[in-house]
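Enquirer: Below: one structure in structure tokens.
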Amino acid sequence: MRTGAAHPLDAFFAPRSVVVVGASSTPGKPGNVVVRNILANGFQGDLHLVNPRADRIEGIQARATLDELPDGIDQAIVTLPAAQTPATVRALGARGIRAVVLAASGFAEVDQIGAALQADLGRAIREAGVRVIGPNTTGHVSTPAGFTSSFFPLGRVPRGSVSYIAQTGNFCGISLRHITSAEPFGVARSVGLGNKVDVDESDVLDYLGDDPETRSIFLYLESIARPREFLRIARRVSRVKPVILLKGGASDAGAAAALAHTGALAGDGRVVDGALAQAGVTRIRRYSSLFHVARALDAVGLPRGNRVSFLSPSGAFTVCLTDLCRAVGLEVPALEPRTLARLQALAPSFIRMRNPVDIFGSVGLHGYERAYGDALDAVLADRRVDATVVILMLTSETGMPSFDFLVDCARRHPAKPVLVTFMGEHRHNLAAKAWLETRGVPCYMQVEEPFEVLAVLARCRARVRAPAPAREG
Amino acid sequence: MRRATAGIERLIRAARRRGERFLSEHDSKRVLAAYGVPVTREVLVRTSAEAAAAARRIRYPVALKASLPGEAHKTERGLVALGLGGERALRAALGTLRARAGPVFRGEFLVQEMVRGSRELALGMVRDPQFGPCVMVGLGGIFAEILQDAVFRVAPLSRGDAREMLGALRGRRILEPVRGLPAVDRGALGRSLVAVGRIGLDHPDIAAIDVNPLIVRGATPVAVDALVVLSPAPAA
């Protein structure tokens, strides 16, 4: 699946055979949910189950002990309690299994006894020579392999080009449920790092950097396990594909360093800011941006730059959203003369057309499709424009017109993202969003969102060297 | 650089023997100069006669500073006399400073060239617990603490990193030609940033470095005051 040499994490993301240790026939228990998740995602490899009573679970005959398993299994998912994990890791290593996902919580995140257990687990991992995701994680997802180790009920996870690295089980749990139910995009890989006792964000970032299934990488981190290694890898990967990070918490300089002015300044998060900027990581500040930006990046490529045009049915939007563009680092350039001529030809003579494009008068003269369609084509053809936002105005009187024109227009200009937002009657907005997003046009329910997203994409573009091609179709 | 490194290690050991957590201004600048950061011409003296001889060589006007280890706010304590135009003023200032210096004073003064320039920058290094040695550049002088306009990057810095840091300053236009002043030599400034990061990487005993102000003389930034902070002494 990957180009070039095998990566140490291949056994996690493209396993040929998997065993669930602690599989359960009781609905709702982690050892049962994980089996159901694997089956629901259509995993094509061999699935083995270990359960001391050797029950039949979800139609698969479990074995009572690890010794009864065949040789050569790629990956184990362990849903046993924390206290049993060190011994289990040793036993799995002895059976030649090199990739292990540990779900249990009750380690260093809880108390000193848990910390001692985690230290014991660390020794077991080193001695057994295995790689471990977790503990204290919901696991991971790899849609190209039709596989997940998550014990959070997921159902089938749609395949896409976005990958997540998260210091929370959220992105193989509740946030993934949000994505699969509310978002038009699918994921390629998603990893909940848990306590990072072995595999950390640097390992996964390194893997995703060369992963042909992953076109953009989103991280949620509260700490960085090997900061300098992370920066080294991020520096490489961020030149190839967007690396977008939401980081909680700030770094503090030591007490000795704080004796100097430089050290006092460093205590203010500036070091983390600088280090991540240096490594080409694009920072976001809002959790919802982890979805909003991914929605765009799965559907459209990066724009060439930060120059936007937008079509607005209201003068107030042209004013307020131009202000927003300035605030978030987007330019609203003057349009080329021939673009202005095309726009003016659509408009009543008393309106002087410019960027942003006030579309209201044109709609009155020519109807929805022609006014929006011709204006959108005009601004997308403009060489001073890198991306466009369309603000649709839908009411019961307008109904939901055919948006074929919008989809066709976006496809005629694949290098320039077209993002859509709405003002008007909510149920029509929702209907238009659903229709457009299944056809590859990302939509946003709040008028500011597409601009904030384009600002992030423009920052990614300043770093990524090769243009990312838009998805086919 | 090996000889420079050995010299710096000697300065650090000497400070440690005296139980000090800072290098003096003069020693701090020797560290910087060893890595190619431009610093003021200056001479360490004890007596009025030595001071007068030094000032004649440096040429008036000169600055006189009481030399104390780790005194970060010499100006506020009145331990600095600037723009001394001749020997009479120099001798008078020496007497005043000696009287103010207090009990830790070991009787040493710095006679220093006056660096003329209206643009003041700051640069520094800090050892971050996560990222290791990091380099700072910002606006300096009295604006350093008020505007807090500073940018950090992790050492080692590439030339590109140094260039990009300067572009990330809110006040970056101060580096451009302004009010008849030439553009700041960004190449020279960038080399100083790279050098400060290199000091941090080469000398784990150095916890932080402050260079403030870094006065731009013509187009070239010169370290006018400097402070090297040592990390806590390793347990014996």
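Enquirer: Please verify whether the range A:427-439 includes one or more residues that are modelled with pLDDT under 95, on the phi > 0 side of the Ramachandran plot and open to solvent by 10 Å² or more (accessible area, probe 1.4 Å).
Expert: No, the range A:427-439 has no match at all.
Enquirer: Scan (1) open to solvent by less than 60 Å² (accessible area, probe 1.4 Å); (2) over 18 Å from A:Ala432 (Cβ atoms); (3) within 29 Å of the chain's Cα centre (by Cα) for the single condition A:Cys409 breaks and write down its number.
Expert: (2)
Enquirer: Another question about this same structure. When the range B:100-117 is examined, which residues are found to be modelled with pLDDT under 90 and hydrophobic (A, V, I, L, M, F, W, C)?
Expert: B:Ala101, B:Val104, B:Phe105
Enquirer: Of all residues in the range A:370-385, which are within 30 Å of the chain's Cα centre (by Cα) and open to solvent by less than 10 Å² (accessible area, probe 1.4 Å)?
Expert: A:Leu376, A:Val379, A:Leu380, A:Val385
Enquirer: Return yes or no: is A:Phe218 at pLDDT 95 or above, of a type outside the set (D, E, K, R) and part of a helix (DSSP H, G or I)?
Expert: Details: at pLDDT 95 or above: yes; of a type outside the set (D, E, K, R): yes; part of a helix (DSSP H, G or I): no.
In short, no.
Enquirer: Moving on. Considering only helices (runs of 4 or more DSSP H) fully contained in the range A:1-97, which possess at least 1 residues that are over 18 Å from A:Thr148 (Cα atoms)?
Expert: A:85-94
Enquirer: If the requirement is being among the small types (Gly, Ala, Ser), surrounded by fewer than 17 Cβ atoms within 10 Å (Cβ to Cβ), under 22 Å from the mean Cα position of the chain (by Cα) and at negative phi, which of these qualifies: B:Gly95, B:Gly86, B:Gly138, B:Gly171? Write out each step before concluding.
Expert: On the way: B:Gly95 fails: under 22 Å from the mean Cα position of the chain (by Cα); B:Gly86 fails: under 22 Å from the mean Cα position of the chain (by Cα); B:Gly138 fails: surrounded by fewer than 17 Cβ atoms within 10 Å (Cβ to Cβ).
Exactly one of B:Gly95, B:Gly86, B:Gly138, B:Gly171 is among the small types (Gly, Ala, Ser), surrounded by fewer than 17 Cβ atoms within 10 Å (Cβ to Cβ), under 22 Å from the mean Cα position of the chain (by Cα) and at negative phi, namely B:Gly171.
Enquirer: What are the residues in the range B:127-146 that are within 16 Å of B:Pro213 (Cα to Cα) and among the hydrophobic types (A, V, I, L, M, F, W, C), if any?
Expert: Across the range B:127-146, the qualifying residues are B:Val135, B:Met136, B:Val137, B:Leu139, B:Ile142, B:Phe143, B:Ala144, B:Ile146.
Enquirer: Being assigned to a helix (DSSP H, G or I), open to solvent by less than 30 Å² (accessible area, probe 1.4 Å) and among the hydrophobic types (A, V, I, L, M, F, W, C) is the filter here, so list the residues in the range A:355-369 that pass it.
Expert: A:Val363 - this is the single residue of the range A:355-369 that is assigned to a helix (DSSP H, G or I), open to solvent by less than 30 Å² (accessible area, probe 1.4 Å) and among the hydrophobic types (A, V, I, L, M, F, W, C).
Enquirer: Please determine whether any residue of the range B:187-197 is closer than 22 Å to B:Ile8 by Cβ, more than 12 Å from chain A (Cβ to nearest Cβ), β-branched (Val, Ile, Thr) and open to solvent by 20 Å² or more (accessible area, probe 1.4 Å).
Expert: Checked the range B:187-197: at least one residue is closer than 22 Å to B:Ile8 by Cβ, more than 12 Å from chain A (Cβ to nearest Cβ), β-branched (Val, Ile, Thr) and open to solvent by 20 Å² or more (accessible area, probe 1.4 Å).
Enquirer: Take the residues of the range A:205-215 that are in a helix (DSSP H, G or I) and surrounded by 21 or more Cβ atoms within 10 Å (Cβ to Cβ): which is nearest to the other protein chains (Cβ to nearest Cβ)?
Expert: Applying the first criterion (in a helix (DSSP H, G or I)) to the range A:205-215 yields A:205-209.
Checking which are surrounded by 21 or more Cβ atoms within 10 Å (Cβ to Cβ) leaves us with A:205, A:207-208.
Working: A:Leu205: 16, A:Tyr207: 22, A:Leu208: 22 Å.
Residue satisfying both the conditions and the ranking: A:Leu205.
Enquirer: A follow-up question, please. Out of A:Cys409, A:Cys460, A:Cys443, which single residue is touching an Asp or Glu at 6+ places or on another chain (Cβ under 7 Å), of a type outside the set (D, E, K, R) and within 26 Å of A:Val243 (Cα to Cα)?
Expert: A:Cys443
Enquirer: Taking helices (runs of 4 or more DSSP H) that fall entirely within the range A:256-354, which contain at least 1 residues that are more than 11 Å from chain B (Cβ to nearest Cβ) and open to solvent by 20 Å² or more (accessible area, probe 1.4 Å)?
Expert: A:289-299, A:315-328, A:337-346
Enquirer: Now for a separate question. How do the pairs read when you match residues in the range A:434-456 that are of a type in the set (D, E, K, R) with residues anywhere that are open to solvent by less than 30 Å² (accessible area, probe 1.4 Å) and in a loop (DSSP other than H, G, I, E, B), using Cβ under 9 Å and keeping only pairs 6 or more apart or on different chains?
Expert: Within 9 Å, the pairs are A:Glu437/A:Glu183; A:Glu437/A:Phe185; A:Arg439/A:Phe403.
Enquirer: Are any of the residues in the range A:103-112 part of a strand (DSSP E or B), under 30 Å from A:Phe291 (Cβ atoms) and under 25 Å from the mean Cα position of the chain (by Cα)?
Expert: Restricting attention to the range A:103-112, the residues satisfying the condition of being part of a strand (DSSP E or B) are none.
No, the range A:103-112 contains no residue that is part of a strand (DSSP E or B), under 30 Å from A:Phe291 (Cβ atoms) and under 25 Å from the mean Cα position of the chain (by Cα).
Enquirer: Residues that are within 14 Å of chain A (Cβ to nearest Cβ), at least 1 per element: which strands (runs of 3 or more DSSP E) completely within the range B:47-157 meet that?
Expert: Filter on the range B:47-157 gives B:119-128, B:132-139, B:150-154.
Enquirer: I'd like the full set of residues that are hydrophobic (A, V, I, L, M, F, W, C) and open to solvent by 10 Å² or more (accessible area, probe 1.4 Å), limited to the range A:158-188. Please lay out each step first, then the result.
Expert: Initially, the range A:158-188 is screened for residues hydrophobic (A, V, I, L, M, F, W, C), giving A:162, A:165-166, A:171-172, A:174, A:176, A:179, A:182, A:185, A:187-188.
Within the range A:158-188, A:Ile174, A:Ala182 meet the criteria.
Enquirer: A further question on this structure: Could you list, in sequence order, all residues of the range A:106-137 that are closer than 18 Å to A:Val21 by Cβ, of a type in the set (Gly, Ala, Ser) and touching a residue at least 40 places away in the same chain (Cβ under 8 Å)?
Expert: Once the filter is applied, which keeps residues that are closer than 18 Å to A:Val21 by Cβ, of a type in the set (Gly, Ala, Ser) and touching a residue at least 40 places away in the same chain (Cβ under 8 Å), the range A:106-137 yields only A:Gly134.
Enquirer: Can you confirm whether A:Thr395 is in contact with a helix residue (DSSP H, G or I) (Cβ under 8 Å, 6 or more places away or on another chain) and polar (S, T, N, Q)?
Expert: Spelling it out, A:Thr395 is indeed in contact with a helix residue (DSSP H, G or I) (Cβ under 8 Å, 6 or more places away or on another chain) and polar (S, T, N, Q).
Enquirer: Evaluate the range B:100-110: report whether one residue or more is farther than 26 Å from B:Ala207 by Cβ and surrounded by fewer than 21 Cβ atoms within 10 Å (Cβ to Cβ).
Expert: Scanning the range B:100-110 turns up at least one residue that is farther than 26 Å from B:Ala207 by Cβ and surrounded by fewer than 21 Cβ atoms within 10 Å (Cβ to Cβ).
The values are calculated or read from the model by the stated rules, or taken from the named source; none is laboratory data. Just so it is clear, the structure is predicted and the values come from calculations on it, not from any experiment. Here the Cβ is made from the backbone with ideal geometry for all residues, glycine too, and neighbour counts use every protein chain on show. These area figures cover heavy atoms from the full protein model, side chains too; ligands, DNA and RNA do not enter into them. Shrake-Rupley method; radii C 1.70, N 1.55, O 1.52, S 1.80 Å.
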